[in-house]
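Inspection log for the structure reproduced underneath, given as structure tokens.
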């Protein structure tokens with residue numbers, strides 16, 4: 001598609017699809033492309049406007065409010081200990097068993113446990129959060145218009161809002177040091193942020209940080225297991241874990257596409273996208289564009305284009321986290337979760353290998369991840 005149809009109009013959705021690295025990075029950086037498409041893709045899912053829909057001064061205010069809790073000092077002092085505790089708790093369940101499905105028993109559980117801890121939500125309610133974020137993510141990628149998926153998403157948002165509303169009320173009265181309290185007491189144009197927007201942000205955090213981080217964890221482990229030589233190198237040199245993570249985000253990005261709206265008629269991909277049209281930026285295709293990455297279909301944690309620091313900022317080569325003003329605000333949180341998880345898994349599952357007869361399967365269109373990853377290992381080995 002990159003070579004033959006660099007600009008392709010998808011009949012069923014009406015999306016104008018771009019797949020070349022240069023075109024995708026251009027569309028993600030901003031003008032003349034906008035985020036207006038999120039008004040119909042994202043806002044109905046979360047029930048309100050969030051930072052990913054904002055631009056200009058409004059975006060700057062919300063970025064200043066949301067950025068610190070997910071980066072820097074707060075990340076080091078408050079979030080990383082929560083991640084380490086959540087990782088240890090899950091691994092303890094299978095460390096002496098010699099076998100585990102790393103998707104169903106670890107990767108899908110960790111991100112939601114971490115986010116619940118950051119929001120200081122009751123531990124006993126965590127299974128409900130997973131049900132909600134799965135339904136919300138399915139609704140967000142419901143490009144086929146399934147009524148059942150739409151109903152499930154609407155019901156999940158209503159249940160989540162009913163659950164969170166009394167908690168928001170209590171945090172406003174007696175705030176703590178958690179992320180939900182920070183949202184409740186944040187200055188919003190001289191007043192407290194409205195309940196509807198706090199709810200929308202909680203929904204966004206639970207949904208966005210769940211499925212994608214789970215896919216990155218399982219994807220990184222899968223790529224290492226199926227490349228034993230590279231796995232051995234990572235086991236001996238743990239500083240390579242973040243390279244394995246970054247290369248997985250390039251080779252198997254959890255986000256397959258990011259949508260944008262053409263703010264005016266735009267020449268791109270050898271054709272013209274009319275003003276107001278939705279543009280689908282194919283992230284996976286751009287990350288495997290041979291014009292940008294040598295041997296793009298090969299998983300290689302030593303590839304020179306990968307930078308394990310820059311790739312989690314807007315200066316990196318990969319486009320998995322986006323580009324420009326709307327670069328993913330949670331990239332450093334995602335990096336911390338995956339790097340800590342993979343390091344600890346390798347501590348415990350040192351001789352990890354695919355279980356006999358295992359057939360890991362990928363699924364997803366908007367987001368993509370493994371459905372299963374059964375492995376075996378020597379307990380205590």
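Some observations on this one:
- Residue in the range 303-310 that is touching a residue at least 40 places away in the same chain (Cβ under 8 Å), out of contact with any strand residue (DSSP E or B) (no Cβ under 7 Å at 6 or more places or on another chain) and buried (at least 20 other Cβ atoms within 10 Å of the Cβ) present: yes
- Residue among 166, 175, 127 that alone is surrounded by fewer than 18 Cβ atoms within 10 Å (Cβ to Cβ) and at pLDDT below 90: 127
- Only listed residue being out of contact with any strand residue (DSSP E or B) (no Cβ under 6 Å at 6 or more places or on another chain), modelled with pLDDT of 95 or more and more than 21 Å from residue 27 (Cα to Cα), chosen from 294, 317, 355: 294
- Test: residue in the range 61-73 that is part of a loop (DSSP other than H, G, I, E, B), over 22 Å from residue 337 (Cβ atoms), within 20 Å of the chain's Cα centre (by Cα) and touching a residue at least 60 places away in the same chain (Cβ under 8 Å): no
- Helices (runs of 4 or more DSSP H) completely within the range 169-280 that count 3 or more residues being within 26 Å of residue 132 (Cα to Cα) and touching a strand residue (DSSP E or B) at 6+ places or on another chain (Cβ under 7 Å): 195-225
- Residue identified as at pLDDT below 90, loosely packed, with under 15 Cβ neighbours inside 10 Å and farther than 17 Å from residue 256 by Cα among 56, 47: 56
- Residue in the range 138-151 that is buried (at least 20 other Cβ atoms within 10 Å of the Cβ), touching a helix residue (DSSP H, G or I) at 6+ places or on another chain (Cβ under 6 Å) and in a loop (DSSP other than H, G, I, E, B) present: no
- Residue list for the range 18-34, filter: surrounded by fewer than 21 Cβ atoms within 10 Å (Cβ to Cβ) and not in a helix (DSSP H, G or I): 30, 31, 32, 34
- Test: residue in the range 340-350 that is touching a helix residue (DSSP H, G or I) at 6+ places or on another chain (Cβ under 7 Å), at pLDDT 95 or above, in a loop (DSSP other than H, G, I, E, B) and surrounded by 14 or more Cβ atoms within 10 Å (Cβ to Cβ): no
- Test for residue 114: is it under 18 Å from the mean Cα position of the chain (by Cα), under 30 Å from residue 354 (Cβ atoms), crowded, with 20+ Cβ neighbours inside 10 Å and in contact (Cβ under 8 Å) with a residue 60 or more places away in the chain: yes
- For the residues 300, 289, 295, the requirement of being part of a loop (DSSP other than H, G, I, E, B), touching a helix residue (DSSP H, G or I) at 6+ places or on another chain (Cβ under 8 Å) and more than 20 Å from residue 215 (Cα to Cα) singles out 289.
The values are calculated or read from the model by the stated rules, or taken from the named source; none is laboratory data. This structure is a prediction, so every number in the text was calculated from the model and none was measured. Quick reminder, even Gly has a Cβ in these numbers, built from the backbone with ideal geometry, and neighbours come from all protein chains shown.
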